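The values are calculated or read from the model by the stated rules, or taken from the named source; none is laboratory data. All of these numbers come straight from a predicted model, not from anything done at the bench. Cβ placement follows ideal geometry from the backbone for every residue including glycine, while neighbour counts extend to all protein chains displayed. Side chains are part of the model used for accessible areas, which takes the heavy atoms of the whole protein and leaves out ligands, DNA and RNA. Shrake-Rupley method; radii C 1.70, N 1.55, O 1.52, S 1.80 Å.
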Amino acid sequence: MKLFLDTANVDEIRKAADWGILDGVTTNPSLVAKEGRNFKEVLREIIAIVDGPISAEVVSVKAEQMIQEGKDLAKLHSNIYVKVPMTTEGLKATRRLSSEGIRVNMTLVFSPLQALLAAKVGATYVSPFIGRLDDMGQTGMEIIEEILAIYRNYDFKTEVLVASVRHPIHVKEAAMLGAHICTMPFSVMEKLPQHALTDTGLAKFLKDWEKVAHK
Ligand code: E4P
């Protein structure tokens, strides 16, 4: 499973990239706004750090404008994937952008039927937001299982990008279901290598090593 960071914070991206586990980055308008910086400037910095898919979202609501925005974003670098919302206008825009070779990540997906449509219009990625479903009392991970089953039934090539991840259990469950990608905040990614037994085990190894002649 590919691991993406869901952030527009370049310091976080640099740290995860240094660990060697970062496959890509997803951003959205809220994450960019949080940084208080120029959007294109942030994107260029991310492009310089990460050699992998970087999702950048359009903010138009009409297909023609989404297409124009998507083309402008895609011109920045071949690693840019254009994020388009799951609306009927978004479907039209995704069909056009995909047919012109621009990779689209269909976002704000909350149901298996929306995911079916994303695949039909040629989206490269579909982003179901599982945490936001959990927040309202529906088990988000269930739709990941259903989407994967639907895609298998018809051999769709669209990859399932598990989004709106809140904690490491989401990451584990996504991997157990065979999701292609999981995007997460830095606060979740930094927990993945951690285990209390690793820390106490290492401390004991280092302490015992002090008793060994090794010079
Ligand atoms: C996905 O690409 C979105 O940016 C993101 O995962 C949304 O997460 P949130 O529900 O925590 O805002």
Next on the checklist: When the residues of region 36-62 are narrowed to those that are under 23 Å from D18 (Cβ atoms) and in contact with a Gly (Cβ under 6 Å, 6 or more places away or on another chain), which ends up surrounded by the most Cβ atoms within 10 Å (Cβ to Cβ)?
Outcome noted: P53
Checklist entry - Do any residues in region 1-23 that are within 14 Å of V188 (Cα to Cα) have Cβ atoms under 6 Å from those of residues that are away from the ligand (no atom under 16 Å from the Cβ) and part of a helix (DSSP H, G or I), where the two are at least six apart or on different chains, and which pairs are they? => result I13/I49
Item to check | Count of residues meeting criterion [of a type outside the set (G, A, S) and either surrounded by fewer than 18 Cβ atoms within 10 Å (Cβ to Cβ) or assigned to a loop (DSSP other than H, G, I, E, B) (or both)] in region 109-144 | outcome: 12
Checklist entry - Residues of region 63-91 being over 18 Å from P53 (Cβ atoms) and open to solvent by 70 Å² or more (accessible area, probe 1.4 Å), which ones? => result E64, Q65, Q68, T88
Next on the checklist: Please determine whether any residue of region 92-100 is open to solvent by less than 10 Å² (accessible area, probe 1.4 Å), out of contact with any Lys or Arg (no Cβ under 9 Å at 6 or more places or on another chain), of a type outside the set (D, E, K, R) and within 25 Å of N153 (Cβ to Cβ).
Outcome noted: yes
Checklist entry - Is it the case that region 86-101 has a residue that's more than 13 Å from the ligand (Cβ to nearest atom), under 17 Å from the mean Cα position of the chain (by Cα) and not aliphatic (A, V, I, L, M)? => result no
